[in-house]
1. Hey, can you tell me all the residues within the stretch 183-216 that are farther than 29 Å from R137 by Cβ and touching a Ser or Thr at 6+ places or on another chain (Cβ under 8 Å)?
2. If the Cβ limit is 9 Å and pairs must be 6+ apart or interchain, which residue in the stretch 269-280 that is under 13 Å from E242 (Cα atoms) pairs with which residue that is of a type in the set (F, W, Y) and not in a loop (DSSP other than H, G, I, E, B)?
3. Does the stretch 193-215 include one or more residues that are of a type in the set (G, A, S) and open to solvent by less than 20 Å² (accessible area, probe 1.4 Å)?
4. Across the stretch 183-206, which residue is farthest from A159 (Cα to Cα) among those that are in contact (Cβ under 8 Å) with a residue 60 or more places away in the chain and within 21 Å of the chain's Cα centre (by Cα)?
5. Quick check on my filter: what residues within the stretch 60-98 are within 11 Å of P44 (Cβ to Cβ) and part of a loop (DSSP other than H, G, I, E, B)?
6. Within the stretch 169-178, track down each residue that is in a strand (DSSP E or B) and surrounded by 16 or more Cβ atoms within 10 Å (Cβ to Cβ).
7. Suppose the filter is under 24 Å from the mean Cα position of the chain (by Cα), at pLDDT 90 or above, surrounded by fewer than 13 Cβ atoms within 10 Å (Cβ to Cβ) and not aliphatic (A, V, I, L, M); does H37 pass it?
8. Tell me, which strands (runs of 3 or more DSSP E) lie completely within the stretch 103-168 with 3 or more residues that are open to solvent by less than 20 Å² (accessible area, probe 1.4 Å) and hydrophobic (A, V, I, L, M, F, W, C)?
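The values are calculated or read from the model by the stated rules, or taken from the named source; none is laboratory data. The model shown is predicted, which means the values in this text are computed figures rather than measured ones. When we count neighbours, we look across all protein chains shown, and the Cβ atoms used for this are built from the backbone with ideal geometry, even at glycine. Calculation scope for accessible area: heavy atoms of the full protein, side chains included, ligands and nucleic acids excluded. Shrake-Rupley method; radii C 1.70, N 1.55, O 1.52, S 1.80 Å.
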Amino acid sequence: ALIPASLRVSWMSSRLSAPFRTSIKKSTAMPRGPKKHLKRLHAPKHWMLDKMSGVWAPRPSAGPHKLRECLPLVILLRNRLKYALTKKEVTSILMQRLIRVDSKVRTDPGFPAGFMDVVKIERTNEHFRLLYDTKGRFTIHRITPEEASYKLAKVKKVALGPKGIPFVTTHDGRTIRYPHPDVRVHDIVKLDIATGSFKEFVKFEVGNLAMTTGGRNLGRVGVIYNREKHDGSHDVIYMRDEKGHTWTTLIENVFILGKGNQSLVSLPKDRGVKLSVLEEREKILRKLQQ
């Protein structure tokens with residue numbers, strides 16, 4: 001006779017000896033608590049960690065940016081800026097309270113810095129902004145102290161809180177109460193880092209300059225020339241860079257940089273223009289000939 005599916009497992013476990021029953025029970029147990037480790041081969045590729053320097057990679061702490069969309073301070077100071085050789089040296093620098101992210105002192109080596117964050121080094125009076133290059137990697141863009149006083153934040157949500165107080169949430173985890181009534185999702189606000197408030201914002205409109213922050217075109221900068229609406233799904237955005245190259249992406253991957261062709265923040269030297277394989281080859285050959 002056929003055994004019902006609901007009784008099959010219990011019947012098999014009753015036929016096994018006690019050690020086998022406990023092994024079956026343990027294999028189905030769920031993990032407890034948050035993960036605390038990260039294998040080096042599973043780390044995000046844009047961290048550019050070599051795979052022969054050990055088994056483990058620094059796991060970012062919980063913070064304003066996602067694990068695979070951030071750059072921990074230990075990677076920033078040790079691997080990119082070369083201010084330290086080991087994680088222990090990074091910890092020594094941080095515990096002297098010399099590193100500020102968005103004007104706040106950070107002492108956690110795993111703190112996740114992300115897109116548009118401003119990093120200040122007190123001792124050297126250097127300021128950097130985290131942006132993407134056209135290969136999808138974080139570029140540590142040096143900026144002036146005047147530009148380091150503000151950042152751009154994308155509006156992710158507009159809602160009413162308790163007692164009918166309006167608020168918006170941004171891509172870097174901020175909650176701003178009493179925003180301008182014209183601010184909508186996908187707009188960007190120009191935040192004063194010291195106070196956390198904003199007086200200027202730019203609407204998500206055709207004709208504005210934007211950067212792609214996700215997908216295959218990550219890091220490309222161009223002007224929006226068409227918005228294809230899909231009710232109940234994702235809108236498709238058509239973009240064109242200053243060389244005339246065009247591409248499409250989803251609306252969630254578009255981050256407005258400024259009104260018209262003018263960017264509110266300075267851009268890296270390539271200005272978000274992605275070169276083809278042949279153009280990259282010609283560029284390298286010209287550099288070698290010089």
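1. A194
2. Sorted first by the residue in the stretch 269-280, then by its partner, the pairs are G272/Y132; K274/W247.
3. First pass over the stretch 193-215, keeping only residues of a type in the set (G, A, S): 194, 196-197, 207, 210, 214-215.
Next cut, open to solvent by less than 20 Å² (accessible area, probe 1.4 Å) only: 210, 214.
Looking for residues that are of a type in the set (G, A, S) and open to solvent by less than 20 Å² (accessible area, probe 1.4 Å), one finds at least one in the stretch 193-215, hence yes.
4. Among residues in the stretch 183-206 that are in contact (Cβ under 8 Å) with a residue 60 or more places away in the chain and within 21 Å of the chain's Cα centre (by Cα), the one farthest from A159 (Cα to Cα) is I193.
5. Residues of the stretch 60-98 that are within 11 Å of P44 (Cβ to Cβ), as a first pass: 60, 66-72, 75.
Those that are within 11 Å of P44 (Cβ to Cβ) and part of a loop (DSSP other than H, G, I, E, B): P60, K66.
6. Kept after step one, since they are in a strand (DSSP E or B), are these residues of the stretch 169-178: 169-170, 175-177.
Matches in the stretch 169-178: T169, T170, I176.
7. Values: under 24 Å from the mean Cα position of the chain (by Cα): yes; at pLDDT 90 or above: yes; surrounded by fewer than 13 Cβ atoms within 10 Å (Cβ to Cβ): yes; not aliphatic (A, V, I, L, M): yes.
In short, yes.
8. Values: elements: 112-114, 118-121, 126-132, 138-142, 150-160.
Answer list for the stretch 103-168: 118-121, 126-132, 150-160.
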